[in-house]
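Here is the structure we will look at.
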Amino acid sequence: MTAQIDIFAAGAQRLQMTESIELTIQSLQAYGSDHDHWGIAWSGGKDSSATLTLIIWLIDTGRIKAPKTLTVFYADTRQELLPLANAASQIMDELQERGIHVEVVTAPMDKRFMVYILGRGVPPPNNNTLRWCTRQIKIDPMEAALEARLAELDGNVLMITGVRQGESAIRDKRIEMSCGKDGAECGQGWYQKVLPEAKGLKGRLSTLAPLLHWRVCHVWEWLKHWAPQAEFGDWSTAMIADAYGGDEAEEINARTGCTGCPLASEDMALDTILRVPYWAYLAPLKRIKPLWRELREPQHRLRKAGIELLKSGKVAANPQRMGPILLESRLMALERLLAIQAEINEAAQCLGRPMVDMINSEEEARIRELIAAETWPNGWDGDEPVATVPLDKVFADGTVQPLLFHEVLLEGDGACG
Ligand code: SF4
């Protein structure tokens, strides 16, 4: 949208905090007044938390005009890092004290990250082929919640997101979709790009990223030093900044995402959190990322034999692709995750610290139910071979290369005969 263009005109020079806030005010004044209703997409991460608390403060102090209605949509993926989930719940209380409507947006049970992997057997997402998670646990539920809200309102809605690109926003004049650029939050770019085009929202929803030009040090400064002060709103944001390394936040530039995100090359955010003595008891969470990696290995997965596909005359780019996770591997992973959760919560109880809620009792029951019912993703029925079983190689063009050791066996038989 052209909404952002004036901001870019400020040039690529390093912007100071107050100037950053001033540009934010200008963008909200310019585009907010055209919309009676505002929504704020809030993930609980640093960028969207800074956006949310700053906007409420600007409204409370009369720096920007309040819209007719304001709805905060908190995207609860059930995968949030505990310090962030904890901060989010305090900020939600603070919003409700101000009479602000907060809608908690969660994916339906069978689409949740853990249930989808362990119950349905879909392999954990990776960077190459299966990047299903952002849409499924963040975008689709947000779309559904917005659609429901739009049905209650007349007129258009301005959806405010925490998309932030720092100086590159000024340089590039475009919004990246990528998950971890400049330490941005996973999903935020998608909210900005995908939501306005979504069926059911099209034409009635505009998006604005009023912190697009903020550098990460400004975000930290706001969360840690400004927002917690009474004159800026008395928000519980300091723990978000601390979770991302406090004073070192700028250098660490940690990406905000799910606990044990299989797509991140390192557990940077979690590592930072674990260096804070208060959160050190969460160390067993480090075992999650290797578990996702392990579940992608062939011994835990089925594979299409390829021959059947050939017989049916169908064409596939990879006729022998690896597929879903075996039932027994899913149970193994469930037990390991529950053990991690139990270990942390035992320590939490001893220390009087917050407990983790990775897999709740309803989710555990649903996962077990789906495994017991032998549930497989679409296109799989469970009688495909395990991916470690040697098979004749079937190529996309239909040619077959028989297994080498078949030939060796035949030769061997001949020699003995
Ligand atoms: S943070 Fe990682 S696991 Fe979570 S939605 Fe984004 S890419 Fe997927």
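Details
- Residue identified as within 23 Å of K202 (Cα to Cα) and modelled with pLDDT of 95 or more among V105, V157, V115: V105
- The single condition among (1) within 16 Å of the ligand (Cβ to nearest atom); (2) modelled with pLDDT of 75 or more that G180 does not satisfy is (2).
- Residue tally, condition in contact with a helix residue (DSSP H, G or I) (Cβ under 8 Å, 6 or more places away or on another chain), closer than 19 Å to P83 by Cβ and either surrounded by 15 or more Cβ atoms within 10 Å (Cβ to Cβ) or among the polar types (S, T, N, Q) (or both), over region 330-351: 5
- Per the listing I340, I344, the residue uniquely touching a residue at least 60 places away in the same chain (Cβ under 8 Å) and closer than 28 Å to D110 by Cβ is I344.
- Looking across region 97-117 at every residue that is hydrophobic (A, V, I, L, M, F, W, C) and in contact with a strand residue (DSSP E or B) (Cβ under 8 Å, 6 or more places away or on another chain), the one that is nearest to the ligand (Cβ to nearest atom) is identified as F113.
- First in region 383-401 and surrounded by 13 or more Cβ atoms within 10 Å (Cβ to Cβ), second anywhere and in a strand (DSSP E or B) and among the basic types (K, R), Cβ under 6 Å, 6 or more apart: P385/R303; A387/R301; A387/R303
- Qualifying position, being within 16 Å of the ligand (Cβ to nearest atom), touching a helix residue (DSSP H, G or I) at 6+ places or on another chain (Cβ under 7 Å) and free of Cβ contacts under 8 Å to residues at least 40 places away in the same chain, among T272, T259: T272
- Flag if V104 is surrounded by fewer than 16 Cβ atoms within 10 Å (Cβ to Cβ), in contact with a Phe, Trp or Tyr (Cβ under 7 Å, 6 or more places away or on another chain) and without any contact (Cβ under 8 Å) to a residue 40 or more places away in the chain: yes
- Some residue of region 83-96 being closer than 18 Å to Y191 by Cβ, more than 16 Å from the ligand (Cβ to nearest atom) and out of contact with any Asp or Glu (no Cβ under 9 Å at 6 or more places or on another chain): no
- Annotation: G45 fulfils all but one of (1) at pLDDT below 95; (2) farther than 21 Å from L211 by Cβ; the unmet one is (2).
- Counted residues, region 70-84 - those being part of a loop (DSSP other than H, G, I, E, B) and either within 13 Å of P141 (Cβ to Cβ) or not assigned by TED's automatic domain parsing to the domain that holds K111 (or both): 4
The values are calculated or read from the model by the stated rules, or taken from the named source; none is laboratory data. Computed from a prediction, not measured in an experiment: that's the story for all the values here. Ideal geometry is used to build each Cβ from the backbone, glycine not excepted, and the neighbour counts take in all protein chains shown.
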